[in-house]
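Asker: Structure incoming, see below.
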Amino acid sequence: MTAAIPVFDGHNDVLLRLYKSKSADPVADFLAGEQAGHLDLQKAKAGSFAGGFFALYSPAASKPAAFFEQMTGGRYALPLPDPLTLEEARTSVVAELAILLQIVRASHGAVAICTTTAEIRSAMARGALAVVIHLEGAEAIDEKLQFLEILYAAGLRSIGPVWSRTTIFGHGVPFHFPAGPDLGEGLTAAGERLVAACNDMKIMIDLSHITEKGFWDVARLSKAPLVATHSNAHALCPSPRNLTDRQLAAIRDTEGMVGLNFATCFLRPDGAMRPDTDIDLMVQQIDYLLEKVGEGHVGLGSDFDGATVPEKIGSVAGLQVLFSALRDKGYSESLLTKLGATNWLDLLQRTIC
Ligand SMILES: [Zn+2]
């Protein structure tokens, strides 16, 4: 019997799921565990999910077209969602942050917001769920970056300047398939100032949704390692959300990090969102990413509660299934430990400190 591998994960959307929940008490649901969803405290314990980046994300105010249903595989080109106003974006970000703060308070130490790597290590050592706050798409932040200060004070340590939607800071890739990531403009002048501010404040910059032009803009400007928290290799799945070999080489050269996205549309060669996706595709992605960026720079970026994941994993409770599959392929326990958590911790040591 091998020991479970602890996981510190690059991306989840549980706060969005709880924000949209019809339940009278989503905070209690998260703590006590529930049938619905990929991630809650009880499933986390079952799967040795020790912590990760928890996204604050602003959904469209009006009901968007059923995105996943259109990603049936083969070929698609969904329109770029409309930009949000500052007020639309802030409403959901503030509500999701409030849910997280309520969870932390009601958990009596079982869930902790962490702003340094030392805090993450200490939370993990005492068995508390370690939460690093991430903003996915910076729509809630104003051009003067005043709201950035407020989110920083609340614990924010990671930002994706864009989700797949245009912001005042830059442009994200649309949901097209198959396509390369060079699908639009890069950073705006405000985006360049945001990158500088993130470097100054030791906030990690996440490149997972940005266009290829935006990626190279950040590569040129940022003093920090290049990070894509939840993206895969484009060579194996030609989605614009995945990284070309040149982008992977830049991540390797800056001692950055890439987190394996479990969303089947970024794993499958046909780009479809379907649960009956074999986890061998996850293994193949990890093999490829390790070859391109090296053992110290690959981790997980599950996208739990934000996407359809292979049904053999199912939820965070099934995370160890992936490690078993990697063990069967001959991966050593020390490499599994790096992929599970320590590569992310080492990267965070170099970025947020
Ligand atoms: Zn995302």
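The values are calculated or read from the model by the stated rules, or taken from the named source; none is laboratory data. Predicted model, so just to flag it, every value in this text is computed and none were measured. Reconstructed Cβ throughout: ideal geometry from the backbone, glycine too, with neighbour counts over all protein chains shown. For the accessible areas, the whole protein counts, side chains as well, though only heavy atoms, and no ligand, DNA or RNA atoms are used. Shrake-Rupley method; radii C 1.70, N 1.55, O 1.52, S 1.80 Å.
Asker: Just for segment 7-351, what percent of DSSP beta bridges are antiparallel, to the closest 5?
Answerer: Percentage antiparallel, nearest 5: 10.
Asker: Cut-off 10 angstrom, C-alpha nodes, Gaussian network model of the chain. Which of 324, 222, 332 fluctuates the most?
Answerer: Of 324, 222, 332, the most mobile in the Gaussian network model is 332.
Asker: With all protein chains present and a 1.4 Å probe, how do 90, 193 order by accessible area, largest first?
Answerer: 193, 90
Asker: Tell me, how many Å apart are the Cα centres for segment 175-230 and for segment 108-172?
Answerer: Rounded to whole Å, the Cα centres lie 16 Å apart.
Asker: Okay, moving on. Can you give the accessible area of residue 253, probe radius 1.4 Å, in Å² rounded to 10?
Answerer: Result for residue 253: roughly 110 Å² accessible.
Asker: Related question: Just subtract the alpha-carbon distance of residue 196 and residue 87 from 0.36 nm times their residue separation and send over the number in nm, one decimal.
Answerer: Once the chain is fully extended between residue 196 and residue 87, it gains 36.8 nm.
Asker: Now for a different question. From Cα coordinates alone, what are the radius of gyration and Dmax values for segment 185-241 in angstrom?
Answerer: Both quantities, over Cα of segment 185-241: 11.8, 36 Å.
Asker: Something else now. With a 1.4 Å probe and every protein chain left in place, work out the accessible area per residue of segment 7-351 in Å², rounded to a whole number.
Answerer: On the way: 12790 Å² over 345 residues.
About 37 Å² of surface per residue is accessible.
Asker: Still on this structure: I need the Debye-formula profile for segment 217-353: one equal scatterer per C-alpha, no solvent, reported as log10 I(q)/I(0) at q = 0.08 1/Å, two decimals.
Answerer: Taking Cα atoms of segment 217-353 as identical point scatterers yields -0.19.
Asker: Another one. Checking the cross-link filter: which lysines have an alpha carbon closer than 28 Å to that of residue 312, excluding same-chain neighbours under 8 positions apart?
Answerer: Output for residue 312: 20, 22, 43, 45, 292, 329, 338.
Asker: Also, quick follow-up: What's the percent breakdown of Cα-Cα distances in the chain across 20 Å bins, shortest bin first?
Answerer: Spelled out per bin, shortest first, that is 33, 63, 4.
Asker: For the chain, calculate the relative contact order in percent as a whole number, restricting contacts to Cα pairs under 8 Å that are 6 or more residues apart.
Answerer: 21
Asker: Helix-only estimate, please: 222 nm mean residue ellipticity of the chain, summing -39500 (n - 2.57) across DSSP H runs of length 4 or more and dividing by its residues, to the nearest 500.
Answerer: Details: 14 runs with 134 residues, N = 353.
When only DSSP H runs of four or more count, the value is -11000 deg cm²/dmol.
Asker: Rg (Å, one decimal) plus Dmax (Å, integer) for the alpha carbons of segment 2-126?
Answerer: My reading of the Cα-based Rg and Dmax gives 16.7, 50 Å.
Asker: Net charge near residue 285, counting Lys/Arg +1 and Asp/Glu -1 over other residues with Cβ under 14 Å of its Cβ?
Answerer: In short, -2.
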